[in-house]
Every structure is written in C-alpha cells, then in structure tokens.
1. Tally up the residues in the range 59-73 that are open to solvent by 60 Å² or more (accessible area, probe 1.4 Å) and either in contact (Cβ under 8 Å) with a residue 40 or more places away in the chain or not aliphatic (A, V, I, L, M) (or both), please.
2. How many residues does the range 17-50 contain that are modelled with pLDDT under 90 and closer than 15 Å to Ile79 by Cα?
3. Give me the pairs: first residue in the range 34-45 and over 17 Å from Ser62 (Cβ atoms), second residue surrounded by fewer than 21 Cβ atoms within 10 Å (Cβ to Cβ) and among the basic types (Lys, Arg), beta-carbon distance under 6 Å, and six or more apart or on different chains, which are they?
Amino acid sequence: MNTVRTDKGADIRCARDAREALGNALEGLGHEELHAMYLDRENRILETRLVASGDAESVPISPAAVLARALALGAASVIIA
C-alpha cells in the first residue's frame with residue numbers, strides 16, 4: 001500500500017505523539033482506513049504506511065502483511081491506527 005508522510009525519526013512517547021505524527025491522514029474520510037506506524041527500539045518512526053482501505057463501516061486487514069513489513073524494516077513495535 002502507500003507510505004504516509006510523517007516525520008521519519010520523530011519520537012513517539014504517547015498516543016498524542018502518534019496522533020500528531022499522523023496529522024490529518026485519518027480526518028474527514030468517507031471510508032475506513034488502517035494505518036501502521038513502524039517504530040525502532042527508541043520509539044522513533046521508521047515508516048508509516050496505509051495498510052488497507054475499506055468501506056464506511058469496515059476494513060479488511062492482513063495481520064501477516066503488517067508483520068511482514070515490520071520484520072522487513074526491523075521494527076521493534078507497530079502502532080495500528
């Protein structure tokens with residue numbers, strides 16, 4: 001899927017930091033989207049990616065795809081939004 005523009009390398013210490021890093025990516029949509037924010041061991045953003053897009057009520061996801069990307073990046077953690 002698509003990489004979302006975020007401040008690569010920004011520190012994520014709490015939910016507010018993650019929300020601010022995503023910016024307006026999740027606002028005003030007429031459908032559901034699932035984003036994955038991949039972090040390193042020091043909670044810095046490696047990449048934020050649109051994983052799946054659905055209709056107004058649901059979004060089908062593949063946990064294996066999220067995990068595969070985390071492994072490819074060497075991510076220590078993943079935030080799903």
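The values are calculated or read from the model by the stated rules, or taken from the named source; none is laboratory data. Keep in mind it's a predicted model, so treat the numbers as computed, not measured. Note that we place each Cβ from the backbone using ideal geometry, even for glycine, and neighbour counts take in every protein chain shown. These area figures cover heavy atoms from the full protein model, side chains too; ligands, DNA and RNA do not enter into them. Shrake-Rupley method; radii C 1.70, N 1.55, O 1.52, S 1.80 Å.
1. The qualifying residues number 3.
2. If we filter the range 17-50 for residues that are modelled with pLDDT under 90, which is where we start, we get 17-35, 50.
Okay, now just the ones that are also closer than 15 Å to Ile79 by Cα, so 17-23, 25-26, 33-35, 50.
Residues meeting the conditions: 13.
3. That search, which allows pairs on different chains as well, returns Ile45/Lys8.
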